[in-house]
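Have a look at the structure below before the remarks.
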Amino acid sequence: MKLKNGAEYMDSLRRLKPRIYYKGELIKDVTRHPATAPHVRAAAMTYALASDKEYKDLALATSHLTGRTIGRFTHVHQGVEDLIKKVKLLRVLGQKTGSCFQRCVGLDGINATYSVAYEIDQKYGTDYLERFKKWLIYIQDENLMVVGAMTDPKGDRSKGPADQPDPDQYVHVVERRNGGIVIRGAKLHMTGAVNSHEILVMPTTAMDERSKDYAVVCAIPIDAPGVTLIFGRQASDDRRDRGERIDSGKPTFAAVGGEAVIAFEDVFVPRQRVFMDGETDFTGSLVYRFAAHHRANYGACKTGLMDVLTGAVTYLTQIQGTDKGSHVKDKITEMIHLCETLYCSSIACSAEGWKTPSGAYMVNTMLANVCKQNVTRFHFEVARLALDLAGGFIATMPSQYDLESEEVGGLVRKYFSGVAGIPPEHRMKIARLIEAMTGGTALVESMHGAGSPQAQRIMILREGDLEKKVRLAKSIIGIPTRKKAAKPAAASKGKEKSRG
Ligand code: SF4
Ligand code: FE
């Protein structure tokens, strides 16, 4: 495992030459640019924990391919214990960064691709898994960060990939040569893209026979010719870019993941790095396995964030002198309760994990959907309670420039102090942290990351097995039910079933 800590990870990024734009300008060094450095530091924490005695057991794993010690973010889950350790690791990382640390997307892409490549090979006699294993050993040995690139722009959403007026609205193969393929298109909202080493391109939806050119999985170095990244704006990013240590809310880490557009303008991919090319009947499985893994994560990484937010609000009530109120205690109790409820579902879908034919383990997909669905509600409720307890000054407080001003600084200090002995800076800092963790971009990720709420509801209904529930009710009151003939295997039809 080459990259052993955060410093080595950052050095490795400096050796790359990706083409990244932000506010219309080229970023030369993502580790130092004020817009991207906070995201790099959050991702670097995934490397730092691997050399921390306390967390080594969570942060490291043994490769089933080589037997060597590797970072967990490059590991193919070999059992329920791996799934649970991953969840525990994500919560710790959320607690330490108060932010998205981005590396799970690649991990989920690796796990989805591994099990699906095996199944494609079984059906069509291809050698995708062997190719994938070679690439994965390279990723594991180097300990590289991979961005899982799934979400296409989708253009006219009433039409599928093959019917778009502009064929580039979904990533597709535009040429097949002896040595590989050429792809064109784009992926949007790509978490951690600008500070990853490699891109794992995956299809964004289940596809039909007419979309063969769109059914493509492949790996591309982040600085490959033809790859361009455009880093997205976030709420209050100007405060962060100016290095405002109080007003930015989180001076070390960013509010969320750091998402980017990745455009592929006729990018050549050598055959050894192609892991699906045209097998449309497996696109559904791949997308769903990726989504289920990522939905399971949200009950862990976001609970880490909720721990930080709950701590911030508790501290604020202490230094404002409101902590003894029974309604305050009750609201903080509710914040903890919602957070731990989410964590339960993350642990549960891991504990109910199941072995795919490849040997890689999947989470229980029904419980993973329930987990993420609840994140879209509970995180908002936790944020609502935090704002309720913090008070309106979160939205009206003067800036750090006023706090530091010779003319009005005294007034700000006098009127924004709380309990005697606590510097007003502390109250303003913690208030800005709460503002950053409850504002615009931070919560949008909980709503739409790993799929919008409706995506989970569709799967919850599909996997809810209503026929069985009807049979249960009928049997209790003695109405006989005739059993239907068994359906063909789900995976071969590109659909997944809940297991566990
Ligand atoms: Fe990982 Fe959570 Fe960020 Fe997704 S949102 S990449 S699961 S930290
Ligand atoms: Fe995310």
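Some points to look at:
- Computed lengthening from ILE137 to GLU175, 0.36 nm per intervening residue step minus Cα-Cα distance: 10.9 nm
- In this calculation the C-beta distance from LYS23 to MET447 is compared with R0 = 22 Å, giving a FRET efficiency of 0.30.
- Span from the region 294-345 Cα centroid across to the region 421-459 one, whole angstrom: 12 Å
- Other-chain or far-sequence residues with amide H under 5 Å of GLY353's (modelled H): ASN364
- The share of accessible area on region 22-69 that comes from carbon and sulfur is 48 percent, using a 1.4 angstrom probe.
- Shape class of region 24-156 from the alpha-carbon gyration tensor: oblate, with a/c at 1.5 or above and b/c at least as large as a/b.
- A Stokes-Einstein calculation at 4 °C with viscosity 1.567 mPa s, built on the Kirkwood radius of region 179-242 over Cα pairs, returns a diffusion coefficient of 91 µm²/s.
- Between LYS414 and ILE476, the modelled label-to-label distance comes to 6.8 nm, taking each label 7 Å out from Cα in the direction of the beta carbon.
- Accessible area of region 287-463 belonging to carbon and sulfur atoms, whole % at 1.4 Å probe: 60 percent
- Highest-first arrangement of 403-412, 132-141, 340-349, where packing means the average Cβ count within 10 Å: 340-349, 132-141, 403-412
- Rg to Rh quotient for region 402-475, alpha carbon positions, Kirkwood Rh: 1.47
- Using R0 = 41 Å, the C-beta based FRET efficiency linking SER326 and LYS468 works out to 0.35.
- Summarising the label geometry, the points placed 7 Å from Cα in the beta-carbon direction at GLU381 and ARG245 lie 3.9 nm from one another.
- Distance cut-off 41 Å, percentage of C-alpha pairs in the chain lying past it: 22 percent
- For region 1-77, the list of trypsin sites (Lys or Arg not before Pro) that fall in a loop by DSSP and count at most 15 other C-beta atoms within 10 angstrom reads LYS2, LYS4, ARG15, LYS23, LYS28, ARG32, LYS53, ARG68.
- Solvent-accessible surface of region 287-463, averaged per residue with a 1.4 angstrom probe and all protein chains in place: 40 square angstrom.
- Loop-located chymotrypsin sites (Phe, Trp or Tyr not before Pro) in region 46-123 whose Cβ has at most 10 other Cβ within 10 Å (DSSP): none
- Per-residue ³J(HN,Hα) for region 196-203, Karplus 6.51 cos²θ - 1.76 cosθ + 1.60, θ = phi - 60°, Hz, x for Gly and Pro: 9, 8, 9, 10, 9, 7, 9, x
- What the Cβ-Cβ distance of ALA162 and ASN5 gives, at R0 = 51 Å and to the nearest 0.05, is a FRET efficiency of 0.65.
- Extension gain for ASP402-SER51 works out to 122.2 nm (0.36 nm per residue, less the C-alpha to C-alpha distance).
- Scattering profile of region 287-463 at q = 0.17 Å⁻¹ [log10 I(q)/I(0), Debye over alpha-carbon scatterers]: -0.97
- From the alpha carbon centroid of region 50-125 to that of region 158-235 is 23 Å.
- Mean Cβ count within 10 Å, highest first, over the residues of peptides 181-190, 156-165, 102-111: 102-111, 181-190, 156-165
- Which listed pairs, of LYS17/LYS250; LYS56/LYS302; LYS4/LYS85, have C-alpha distances above 26 Å, in listed order: LYS17/LYS250
The values are calculated or read from the model by the stated rules, or taken from the named source; none is laboratory data. On a predicted model such as this, the values are computed, not experimentally measured, just so you know. FYI the Cβ positions are ideal-geometry reconstructions off the backbone, even for glycines, and counts take in every protein chain you see. The area values use the complete protein model at the heavy-atom level, side chains included, leaving out ligands, DNA and RNA. Shrake-Rupley method; radii C 1.70, N 1.55, O 1.52, S 1.80 Å.
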